[in-house]
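Taking it in order: structure first as structure tokens, then the write-up.
The values are calculated or read from the model by the stated rules, or taken from the named source; none is laboratory data. Bear in mind that the values here come from a model prediction, so they are computed numbers and not experimental data. Reconstructed Cβ throughout: ideal geometry from the backbone, glycine too, with neighbour counts over all protein chains shown.
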Amino acid sequence: MILESILKNVHKYEIKGFLRKNGVDKIDTRLDSHIADNYKPYVKIIEEEIKEKKINKKLLNDFLMEHICYSKTNTYYTFHLSNFFCFDTLKEDQLNNFKMQNPELLFDNLLMDVTLESEFTLCSSEVEHKDNCISQVSFLFYLGTVDTRAKGLTSFFSNVIIDVKQKLVFIKFNSNLLDNFNHEKLFIIERLLNTITKNSVFQPLNIGFGSFNEEQPQRIIFKMFSELSLEAEEILNKRIPDGTDDKIKNFLKSVHISQNEIDYIKQIKAVVYQDLSDNFQGDLFTNGWVFRFVFREKDYTRASSRTDDYSPIYGSKVYWNLKELIFKGQKMNDAGFKWFLPGNKSPILVKLESKNNGIIIQYYNDKEKNNQKYRKEKDKFVAEKIRKYLS
């Protein structure tokens, strides 16, 4: 039986789409209630169709897991994976034996088969295994229920990813449910980390994690910021007409400014860059851009700048005024990035924040078509970026 509180993790129109895709007929006429927080009619249809073999438990489980673990999770807490039982080669038969020897880890367990009674209960585990190596282990934990304004009591889950390849741990949440849960965020994080590292059920995996040091997250975020910003400046510079530097020099001479000529040229060109960025918006920056940043010097916030529509920050006066100072310090407290995947299936729109010696990843939805799709591909891209600059 599928619990109504689990189904409430998915929007009703998405459930209808799933049912129609799998050949279920007369959905609307079978719904005897259209009250926003009443999902019982959907539960009834699903159970009837499973009975009639129009859909099966595995198909339903894949649909729910896609939403609960990916498209509805938008806040990730990131840590360093310091230990794992197998970073090396593991053949398929060895992996299968490991699964059989550890049934308590609930490998490939169906969500419909779980009894949700206690908080922080493991529901299912999945392993991604390729080329005789484990690339990722995924755990789904039931944390409890949240009474939401729109849907009433909703089952709250956390998806914990052990990224073996990138040696990172991600603890993922639906931010709306996380903000309204009856436990503090740090308590939840600590409880989950203790579970996967100290609970006897997880001991065979020998998982170890570590926080980043205080400066690592800030330097990782800065390097991402720097990578896109230097690329953007190079693109903008190519758009400046030939002879601009000479014109600026002549102007400076005409007003009798002779010292710090190079600095003044940079400052004046920055005004041209701002204008170009505003006029072209994102059309120039094919790989992506920065759309927000928070820069602090010691204990003081020097600047916080963002664009409301997630457009490039390079049209901002604050960015150019602080650019040299930011690059000198090579640390960034948080920044928002818009990256484009190959083929531009759907842009990555994300904020990375340095907090509590870790990195918090926040996905945004800018209402572009299919923005919530390809989340797994986006996660992989961001994980690779973190690892690239962590090394």
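What the table below lists for this structure:
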{"read-out": "Test: Thr154 is in a helix (DSSP H, G or I) and either in contact with a Cys (Cβ under 7 Å, 6 or more places away or on another chain) or not hydrophobic (A, V, I, L, M, F, W, C) (or both)", "value": "no"}
{"read-out": "Test result for Phe222, under 26 Å from Pro312 (Cβ atoms) and crowded, with 19+ Cβ neighbours inside 10 Å", "value": "yes"}
{"read-out": "Pair list, Cβ < 7 Å and 6+ apart or interchain, from the stretch 317-332 residues that are closer than 12 Å to Ser305 by Cβ to residues that are in a helix (DSSP H, G or I) and among the charged types (D, E, K, R)", "value": "none"}
{"read-out": "Count of the stretch 194-237 residues which are within 22 Å of the chain's Cα centre (by Cα) and of a type in the set (Lys, Arg)", "value": "2"}
{"read-out": "Subset of the stretch 94-121 (residues that are farther than 14 Å from Ile134 by Cβ, of a type in the set (D, E, K, R) and either assigned by TED's automatic domain parsing to the domain that holds Ile220 or over 27 Å from the mean Cα position of the chain (by Cα) (or both))", "value": "Glu104, Asp113, Glu117"}
{"read-out": "Lone qualifier among Leu230, Leu186, Leu193 - being farther than 30 Å from Tyr39 by Cβ and not assigned by TED's automatic domain parsing to the domain that holds Ser82", "value": "Leu230"}
{"read-out": "Residues (assigned to a helix (DSSP H, G or I), closer than 28 Å to Thr145 by Cα and touching a residue at least 40 places away in the same chain (Cβ under 8 Å)) located in the stretch 201-227", "value": "Val201, Phe202"}
{"read-out": "Of the criteria (1) over 30 Å from Asn38 (Cα atoms); (2) among the β-branched types (Val, Ile, Thr); (3) crowded, with 16+ Cβ neighbours inside 10 Å, which one Thr89 fails", "value": "(3)"}
{"read-out": "Answer from Lys198, Lys151 - the residue that is on the phi < 0 side of the Ramachandran plot and without any contact (Cβ under 8 Å) to a residue 24 or more places away in the chain", "value": "Lys198"}
{"read-out": "Answer residue from the stretch 279-307, given it is at pLDDT 70 or above, in a strand (DSSP E or B) and of a type in the set (A, V, I, L, M, F, W, C) and is nearest to Gly329 (Cα to Cα) among those", "value": "Phe295"}
{"read-out": "Selected residue [touching a helix residue (DSSP H, G or I) at 6+ places or on another chain (Cβ under 7 Å), within 22 Å of Tyr142 (Cβ to Cβ), touching a residue at least 12 places away in the same chain (Cβ under 8 Å) and of a type in the set (A, V, I, L, M)] from Val43, Val114", "value": "Val43"}
{"read-out": "Selected residue [at pLDDT 95 or above and closer than 17 Å to Gln203 by Cβ] from Asn96, Asn102", "value": "Asn102"}
{"read-out": "Val127 being of a type in the set (A, V, I, L, M, F, W, C) and under 30 Å from Val24 (Cα atoms)", "value": "no"}
{"read-out": "Pairs, first closer than 17 Å to Glu231 by Cβ in the stretch 339-356, second among the acidic types (Asp, Glu), C-beta under 7 Å, six or more apart", "value": "Leu341/Glu377; Pro347/Glu368"}
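For (1) of a type in the set (D, E, K, R); (2) in a strand (DSSP E or B); (3) farther than 19 Å from Leu192 by Cα; (4) touching a Gly at 6+ places or on another chain (Cβ under 8 Å), each residue gets a yes or a no:
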| site | (1), (2), (3), (4) |
| --- | --- |
| Asp62 | yes, no, yes, no |
| Phe79 | no, yes, no, yes |
| Ser125 | no, yes, no, no |
| Tyr142 | no, yes, no, no |
| Gln166 | no, no, yes, no |
